[in-house]
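Trainee: Below is the structure I would like to discuss, written out as structure tokens.
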Amino acid sequence: MASRFEGVRFWLPVAAMAAFGIYVGQKLVSSHVRPSVNSISYGFSSELAARRGTICCKGGRPVAESTPLWRYSLDPRSMGSKSMPREVVMENIASTLSIPKEKVAVMAARTSGPGWRHQFLAESDDQAVFAAMTDRRRILGVAVDDLQRRRYLCGRSLSHVLGSVNAEGVGSCGIEQRFNSRLAGTPGKIEGIKDAYGNEIRDRRVTSVPPTPGDTVTLTVDVNLQYAAEKALKWGMAEFGAESGWCIVMDVGTAAVLALASMPDFDPVQYGRATDAMKIDRAIAYNFEPGSVMKTITAAAAIDCGRVTPETMYSTDRNDDRYYRLPHDSHAMPPRMSVKEAIVHSSNTVMGKIGYDLGPERMYDALKRFGFGAKTGIELPGEECGILWHWKKWDKASWSRVPIGQAVSVTAIQLVGAYQAIANDGVRMHPHIVEKAEDADGRTTYMPQDAAAVAVKPETARKVRQMMVGVSEMGGTARRARVKGYSVAGKTGTAQKAKDGVYLQGLYCASYCGIIPSGVVQFDMDGKRHFTDPSVVILVSLDFDHFATFHQGGNSSAVVFRKLAQYAMRYLGVTPDRPDELSPEASAEDEVELLPLL
Amino acid sequence: MRRKNRKVSANTAAAGEHAAWIGGLVVLAGIMAIVNVLANTTCNQLMASIDKKEKALAKLKVQCQNENTRLASLYTPDKLSIELSRRGMAMNVMQPRQLIKMSRSGRPYSVSQADIARARAVDERAATSSYRAPARRR
């Protein structure tokens, strides 16, 4: 008789084995076919930092780059194992990072307190050190953080343009701040599974998104011109005793900034240690009274609306009842002079009369057309817009003061932009310092706006440049701005500094703004006239916080202008429009006058 | 002698057939499991190799980046100026008369304004039927 339990005795073990097999199979499937990144034990998700974009100068020369940096932190709890005693690990750490073993021992002895499991050891960008510190056969208990070190290859040069990044890698000033979102890039992501030793199971990676590096920002600044500008400015400040200064070199045709220097400057790597005086970019964020440099704009406005011509004569008598409180001249003038002579000799009285006759409304409109009273929109943060009150708020005295550059404040970039319009036959272009921004694939992500505005008529601009050439000729206020072989159309400015509504005695801001070549020097050939084109506009300003002997624009800023312009013309290869002034052979005198540059 | 019981219980017979099927399936599963393990092992080895090569590539990229940065930092104007003065080389940019420019037609310009205008005029005549004044540069 078949036992009724015979089937049970057979099937029960079979069922048990089947159940065990199903359990093992399910485990196999879950671990091999459907890995879970949400597993607390083995799943992980990490973010991959994107490399910050590079900032390049004209021609693609990098000036700011990020390089990898590793930060090592000690976790005393994880140091040592059965096969590797703590003392051996400490010895290895100390020798690899070149730090005293006692220091490591003190850190390893900490077992409480905030941050005791993540104590800072050192930072290093050395790959050999990284390889040694991540070798688990030698070192345990050290966490490695991937960071980036921002390196500024030109040191302090271009500091105000480039700016700086803070400890979190976020731009805090300059181009670093203005283009931070483009430079930062997009971080990547990895999600996957780790084994019991903490090593990633590579074929079980679920998500792998590579980081997108930041855009490459190319500036219009030429690194050699920038170096020359900074060197000339430093020389001028030391030579003439100025506390600060600024200098801009701008291309005439495009209003691209070829050099922008502001002194004192700072070290971008140690921005936190810079004083307030170092941090301010005086080329864009400093309002100052331009002084006589404004007279060129006044003359342009008056000629453009037909009120005067360069030959119109004016009396230099200040006590003219037709005018209200005319400014006095800083030196003796002939009884009558033309508008051209007033520019050449910088007569405050005559220019005050011209501005008075022009009227506040037309003067104000002309200043607005030249870009004063508004930001230029240059791609640098912190730009000031100057101080230009609406003409209805001008008092009667301002009618003759604004035309000579008082009762109005401008920034250096506005002033250069206005002179660029005069150099460019009356067409004012949009000042810019960034040529383009490109992503990692070479696609352009930013281009400067190509805006243009008409400030004055072309004939007016040419007439004004013709008048300005006389400033650097014999009898003018800026003979020291003459550059051999080139005609210069420029204007000096020596503005008294004001505080609390009162002009301070003996304190000045000396400026010289010049267009070189002037574009109005002609020569005849084959019965036809030929002109050269203006190449660059250069503004040099020196700020004196104490009385100095050579505080006038013609004595100080003009000299700095000459040194810089000489170099700029030769560096840019601009054809001289007065070749007769150049000696047939290269002379030592020409070399000595130049700055000792490349 | 006891007679051999040739009777086979129904359950045992049925179980015998089923056991063959089950055994076959188990063997098949075993073979598949072994194949799976071998494939996984191969994948793991490949992935480890890929991981190793990726790390090596990342390391080389970092090295390349560091070297490019180092190179770029070597020829900044201030460093070049220091090196030139250290070697007693008083170099400067060329004088205008030392600069020769070439026109599109391969004609050399000297720095004389008259020569440039003359060369431009010749090129203009060659390009067009009538001579025009040089266009304004923008």
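The values are calculated or read from the model by the stated rules, or taken from the named source; none is laboratory data. This is a predicted model, so every value here is computed, not measured. All Cβ positions, glycine included, derive from the backbone under ideal geometry; neighbour counts span all protein chains shown.
Trainee: Only one residue in A:Glu459, A:Glu361, A:Glu384, A:Glu438 is among the acidic types (Asp, Glu), under 23 Å from A:Cys247 (Cα atoms) and surrounded by fewer than 23 Cβ atoms within 10 Å (Cβ to Cβ). Which one? Don't jump to the end; show me each part of the working.
Mentor: Numbers: A:Glu459 fails: under 23 Å from A:Cys247 (Cα atoms); A:Glu361 fails: under 23 Å from A:Cys247 (Cα atoms); A:Glu438 fails: under 23 Å from A:Cys247 (Cα atoms).
Going through A:Glu459, A:Glu361, A:Glu384, A:Glu438 in turn, the sole match is A:Glu384.
Trainee: Identify the residue in the stretch B:69-78 that is facing chain A (nearest Cβ under 7 Å) and part of a helix (DSSP H, G or I) and, among all such residues, is farthest from A:Ala229 (Cα to Cα).
Mentor: In this case the residue turns out to be B:Thr69.
Trainee: Which one is surrounded by the fewest Cβ atoms within 10 Å (Cβ to Cβ), of the residues in the stretch A:317-344 that are of a type in the set (Asp, Glu) and assigned to a loop (DSSP other than H, G, I, E, B)?
Mentor: Step one: list which residues in the stretch A:317-344 are of a type in the set (Asp, Glu), which gives A:317, A:320-321, A:329, A:341.
If we keep only those that are assigned to a loop (DSSP other than H, G, I, E, B) too, we end up with A:317, A:320-321, A:329.
Details: A:Asp317: 14, A:Asp320: 15, A:Asp321: 6, A:Asp329: 18.
Ranking the candidates gives A:Asp321 first.
Trainee: Moving to a separate point now. What helices (runs of 4 or more DSSP H) completely inside the stretch A:169-271 contain at least 3 residues that are buried (at least 24 other Cβ atoms within 10 Å of the Cβ)?
Mentor: Helices (runs of 4 or more DSSP H) meeting the threshold: A:174-178, A:223-240.
Trainee: Considering only the stretch A:96-136, state which residues are within 16 Å of A:Met79 (Cα to Cα), surrounded by fewer than 16 Cβ atoms within 10 Å (Cβ to Cβ) and touching a residue at least 12 places away in the same chain (Cβ under 8 Å).
Mentor: Once the filter is applied, which keeps residues that are within 16 Å of A:Met79 (Cα to Cα), surrounded by fewer than 16 Cβ atoms within 10 Å (Cβ to Cβ) and touching a residue at least 12 places away in the same chain (Cβ under 8 Å), the stretch A:96-136 yields A:Ala105, A:Ala109, A:Arg110, A:Thr111, A:Trp116, A:His118, A:Phe120.
Trainee: Return yes or no: is A:Gly236 at positive phi and modelled with pLDDT of 90 or more?
Mentor: Spelling it out, it is not the case that A:Gly236 is at positive phi and modelled with pLDDT of 90 or more.
Trainee: Could you check the stretch A:272-316 and list, in sequence order, the residues that are free of Cβ contacts under 8 Å to residues at least 12 places away in the same chain and surrounded by 14 or more Cβ atoms within 10 Å (Cβ to Cβ)? Give the steps one after another, and end with the answer.
Mentor: Of the stretch A:272-316, the ones free of Cβ contacts under 8 Å to residues at least 12 places away in the same chain are A:272-276, A:306.
Result: A:Ala274, single match.
Trainee: Here is a further query. For A:Val144, state whether it is among the β-branched types (Val, Ile, Thr), on the phi < 0 side of the Ramachandran plot, away from every other protein chain (no Cβ under 14 Å) and not in a loop (DSSP other than H, G, I, E, B).
Mentor: So A:Val144 does not fit the description; no.
Trainee: On to the next question. Please go through (1) under 40 Å from the mean Cα position of the chain (by Cα); (2) modelled with pLDDT under 85; (3) surrounded by 16 or more Cβ atoms within 10 Å (Cβ to Cβ); (4) polar (S, T, N, Q) for B:Ser103 and return the number of the only condition it doesn't satisfy.
Mentor: (3)
Trainee: Take the stretch A:434-480 and flag every residue that is of a type in the set (Asp, Glu) and in a loop (DSSP other than H, G, I, E, B).
Mentor: Going through the stretch A:434-480, the residues of a type in the set (Asp, Glu) turn out to be A:435, A:438-439, A:441, A:450, A:459, A:473.
Across the stretch A:434-480, the qualifying residues are A:Asp439, A:Asp441, A:Asp450, A:Glu473.
Trainee: Looking at the structure I just gave you, is A:Gly163 more than 14 Å from chain B (Cβ to nearest Cβ), closer than 25 Å to B:Lys61 by Cα, within 28 Å of the chain's Cα centre (by Cα) and crowded, with 17+ Cβ neighbours inside 10 Å?
Mentor: no
Trainee: So, restricting to strands (runs of 3 or more DSSP E) that lie completely within the stretch A:491-578, which ones have at least 3 residues that are surrounded by 24 or more Cβ atoms within 10 Å (Cβ to Cβ) and within 14 Å of chain B (Cβ to nearest Cβ)? It would help to see each step written out before you state the result.
Mentor: Values: elements: A:502-516, A:522-525, A:528-531, A:536-543.
Where strands (runs of 3 or more DSSP E) fall fully within the stretch A:491-578, none carries at least 3 residues being surrounded by 24 or more Cβ atoms within 10 Å (Cβ to Cβ) and within 14 Å of chain B (Cβ to nearest Cβ).
Trainee: Answer yes if at least one residue in the stretch A:81-92 is outside the structural domain of A:Arg51 (by TED's automatic domain parsing), touching a strand residue (DSSP E or B) at 6+ places or on another chain (Cβ under 7 Å), outside any helix (DSSP H, G or I) and over 30 Å from A:Cys57 (Cβ atoms), and no otherwise. Let's see the steps before the verdict.
Mentor: Quick first cut of the stretch A:81-92, residues outside the structural domain of A:Arg51 (by TED's automatic domain parsing) only: A:81-92.
Filter once more, keeping what is touching a strand residue (DSSP E or B) at 6+ places or on another chain (Cβ under 7 Å): none.
No - not one qualifying residue is present in the stretch A:81-92.
Trainee: Sort out which residues of the stretch A:63-92 are in contact with a helix residue (DSSP H, G or I) (Cβ under 8 Å, 6 or more places away or on another chain) and within 14 Å of another protein chain (Cβ to nearest Cβ), and write them in order of number.
Mentor: Hits for the stretch A:63-92 are A:Val63, A:Ala64, A:Glu65, A:Thr67, A:Pro68, A:Trp70.
Trainee: Could you list, in sequence order, all residues of the stretch B:69-94 that are over 31 Å from the mean Cα position of the chain (by Cα) and of a type in the set (Gly, Ala, Ser)?
Mentor: Listed by number, the residues that qualify are B:Ser81, B:Ser85, B:Gly88, B:Ala90.
Trainee: Residues of the stretch A:151-166 being over 13 Å from A:Pro264 (Cα atoms) and among the polar types (S, T, N, Q), which ones?
Mentor: A:Ser164, A:Asn166
Trainee: When only residues in the stretch A:107-121 that are outside any helix (DSSP H, G or I) and among the hydrophobic types (A, V, I, L, M, F, W, C) count, which is nearest to A:Ile93 (Cα to Cα)?
Mentor: The selected residue is A:Leu121.
Trainee: Related question: Which residue is farthest from A:Gln148 (Cα to Cα), if the candidates are limited to the stretch A:45-72 and must be in contact with an Asp or Glu (Cβ under 7 Å, 6 or more places away or on another chain) and not in a loop (DSSP other than H, G, I, E, B)?
Mentor: The selected residue is A:Ser45.
Trainee: Would you pick out the residues in the stretch B:79-95 that are within 17 Å of A:Glu230 (Cα to Cα) and either surrounded by fewer than 16 Cβ atoms within 10 Å (Cβ to Cβ) or in contact (Cβ under 8 Å) with a residue 24 or more places away in the chain (or both)?
Mentor: B:Lys79, B:Ile82 - these are the residues of the stretch B:79-95 that are within 17 Å of A:Glu230 (Cα to Cα) and either surrounded by fewer than 16 Cβ atoms within 10 Å (Cβ to Cβ) or in contact (Cβ under 8 Å) with a residue 24 or more places away in the chain (or both).
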